[in-house]
1. Would you be able to tell me the number of residues in region 171-186 that are part of a loop (DSSP other than H, G, I, E, B) and charged (D, E, K, R)?
2. Considering every residue within region 178-186, establish whether at least one is in contact with a Cys (Cβ under 8 Å, 6 or more places away or on another chain), over 22 Å from Ala97 (Cα atoms), surrounded by 15 or more Cβ atoms within 10 Å (Cβ to Cβ) and of a type in the set (Val, Ile, Thr).
3. So which residues in region 85-109 are crowded, with 18+ Cβ neighbours inside 10 Å and over 25 Å from Leu58 (Cβ atoms), if there are any at all?
4. Would you please list the contacts, defined by Cβ atoms under 6 Å and residues six or more apart or on different chains, that run from a residue in region 61-82 that is assigned by TED's automatic domain parsing to the domain that holds Leu31 to a residue that is among the aromatic types (Phe, Trp, Tyr)?
5. For residues that are buried (at least 21 other Cβ atoms within 10 Å of the Cβ) and either part of a loop (DSSP other than H, G, I, E, B) or in contact with a His (Cβ under 8 Å, 6 or more places away or on another chain) (or both), tally how many sit in region 110-120.
6. Would you call Ser32 within 26 Å of Cys116 (Cβ to Cβ), in contact (Cβ under 8 Å) with a residue 12 or more places away in the chain and polar (S, T, N, Q)?
7. Looking at (1) surrounded by fewer than 20 Cβ atoms within 10 Å (Cβ to Cβ); (2) more than 20 Å from Val127 (Cβ to Cβ), which is the one condition that is false for Phe204?
8. Tell me the residue from Arg129, Arg159 that is within 24 Å of Ser198 (Cβ to Cβ), touching an Asp or Glu at 6+ places or on another chain (Cβ under 9 Å) and part of a helix (DSSP H, G or I), please.
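The values are calculated or read from the model by the stated rules, or taken from the named source; none is laboratory data. Source: prediction; values computed, not measured. Here the Cβ is made from the backbone with ideal geometry for all residues, glycine too, and neighbour counts use every protein chain on show.
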Amino acid sequence: MIVLVVFLGACRKEMYRAGCIADSVGPLEMLSSVPNCERELICRAKCMVGSGASCLGLAYEMEKKPENAGEAVTLYRRACVLGEANACTNYAASIWAKEHSDAQLKCAQRIFEKSCAAREPFACGMVGRLMLETDTPDFAGGRKYLEGACERVGGFPCRVLAKYLESGKLGPYPPERIRKLLAQACADGDSNACGEPSTAAGTFH
């Protein structure tokens, strides 16, 4: 019990430090596998002493129950600080999904950019979305970013690119390109793009 209290206290102090964590994390890495943390105490102990993988695995475990959502976000942030790209993506997504200020949204975008640099597909797609879903969207810049990310990383950014090309906001494109982008996204592991959907927009819920 003492270990748990100390652990949560350390995480909360880390959570509420001023500034955007994009400024303090170094280069991120993608994990090939994440520990199973059904045995929570083991993962908590490892997370407390600096195992980002254990913090991430524990966050996934906490997220299974809605009442633990707040702790999951805290753990994603700690794992992000410890260098895990997936954790940074999930932490940034938690900012984006809730009510946020303009400064918080800009911070989320910068965190996504750090994760994208580690070739985390969802983060790359989210950078493109945030460039396009603002009061002053950068359509040319967003298209260029998503095209580059789709070619470099594949998966989700290809589906995001298909959605916004389809909307007509990004300029002209060959009619068959939407189908090809969705097929590429599916082949690269974005399961929501699979099944030959009739529209790219219909794959977003």
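1. First, the residues of region 171-186 that are part of a loop (DSSP other than H, G, I, E, B): 171-176.
Add one more test, that the residue is charged (D, E, K, R), and what stays is 176.
Result for region 171-186: 1.
2. From region 178-186, those in contact with a Cys (Cβ under 8 Å, 6 or more places away or on another chain) are 181-182, 184-186; that's our starting set.
If we keep only those that are over 22 Å from Ala97 (Cα atoms) as well, we get 181-182, 184-186.
Subset that is surrounded by 15 or more Cβ atoms within 10 Å (Cβ to Cβ): 181-182, 184-186.
So of that shortlist, the ones also of a type in the set (Val, Ile, Thr) come out as none.
No - not one qualifying residue is present in region 178-186.
3. Correct list: Gln109 only.
4. Filtered contacts from region 61-82: Tyr76/Tyr91; Arg77/Tyr91; Cys80/Tyr91.
5. From region 110-120, those buried (at least 21 other Cβ atoms within 10 Å of the Cβ) are 111-112, 114-116, 120; that's our starting set.
Okay, now just the ones that are also either part of a loop (DSSP other than H, G, I, E, B) or in contact with a His (Cβ under 8 Å, 6 or more places away or on another chain) (or both), so 120.
Of the residues in region 110-120, 1 are buried (at least 21 other Cβ atoms within 10 Å of the Cβ) and either part of a loop (DSSP other than H, G, I, E, B) or in contact with a His (Cβ under 8 Å, 6 or more places away or on another chain) (or both).
6. Values: within 26 Å of Cys116 (Cβ to Cβ): yes; in contact (Cβ under 8 Å) with a residue 12 or more places away in the chain: no; polar (S, T, N, Q): yes.
The answer is no for Ser32.
7. (2)
8. Arg159
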